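Following: one structure in structure tokens, then a few remarks.
The values are calculated or read from the model by the stated rules, or taken from the named source; none is laboratory data. What you are looking at is a predicted structure, and each value in this text was computed from that prediction instead of being measured. Counting neighbours? That spans all protein chains shown, and the Cβs are built from the backbone with ideal geometry, glycine included. Areas reflect the complete protein model, heavy atoms only, side chains present, ligands, DNA and RNA absent. Shrake-Rupley method; radii C 1.70, N 1.55, O 1.52, S 1.80 Å.
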Amino acid sequence: MKKKWLLPLFLILILSLAACNDVETPTDDTTEMDPNVDEKANESALDEEEDVDATEDQEADEKANESPLDEGDVNTDQMKYEDITLSPQEAVDKFIESHADSKITEMQLDKNLNDYYYKIEGYDSDNDYEVKVNPVTGDIVSDDEDLIDLDDDDDKDEITKDHIAKIDLLLDKAMKESGEGSNIKEWSLEYDDNKLIFEVEIEKNNNDIEYTYDLESEELIEKDD
């Protein structure tokens, strides 16, 4: 009776051992990294860092090479009448340096947006000239010339140093006339019917007031506001 009971038990034991042997031993699925792959990845990362550094260095060099305004340059976006350092006579001297034998026929201080410049017109035996001068640096901005028009009158009225010397006097007169809070905007000096006329435009409270003077007599001819 015991032998009959032991035989099934023995068979069960054998089957259990066989099942254990059939179970596969798990393997490590982790693939060993190729050292060449690691090396290439590192080289790529280094190249990217070098590219970034090179770009930053280039931008820094470009900023360093951007030269600020030279001492003689003027930021015309911020130029004000008070910034003007060149007198009318000094501006005329700049004209004469380029055209020594010329006579002056017209002069003005113009404001184009926020950019001031002296414009001086004159002539000699051959040409008419128009010269623009920076009123802060004294640099000649432009120098244009045309052949004399033979149809023009031979005798043209000339603006002299004595005439130019009266400009500041009439500017002061116009400023006193316009009162506090006034600013000089622009002015001109030219002949009209053989009379030398000085016109100055004053800005006050966002309004423009124009004064017209006879330069010789220094009398006010007209006020337009």
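Looking across the stretch 141-175, the residues that are within 24 Å of residue 195 (Cβ to Cβ) and open to solvent by 80 Å² or more (accessible area, probe 1.4 Å) come down to 151, 153, 154, 155, 161, 162, 168, 169, 172, 173.
So which residues in the stretch 205-225 are on the phi > 0 side of the Ramachandran plot and under 40 Å from the mean Cα position of the chain (by Cα)?
Passing the criteria: 205, 206.
Would you check which residues across the stretch 93-116 are open to solvent by 40 Å² or more (accessible area, probe 1.4 Å) and either under 30 Å from residue 208 (Cα atoms) or among the basic types (Lys, Arg) (or both) and list them? Matches in the stretch 93-116: 94, 103, 111, 112, 113, 114, 115. Mind checking whether some residue in the stretch 189-205 is touching a helix residue (DSSP H, G or I) at 6+ places or on another chain (Cβ under 8 Å) and among the hydroxyl-bearing types (Ser, Thr, Tyr)? Among the residues of the stretch 189-205, not one is touching a helix residue (DSSP H, G or I) at 6+ places or on another chain (Cβ under 8 Å) and among the hydroxyl-bearing types (Ser, Thr, Tyr), which makes the answer no.
The condition of being under 33 Å from the mean Cα position of the chain (by Cα), at pLDDT below 95 and either small (Gly, Ala, Ser) or buried (at least 19 other Cβ atoms within 10 Å of the Cβ) (or both) holds for only one of 122, 138, 181, that being 181.
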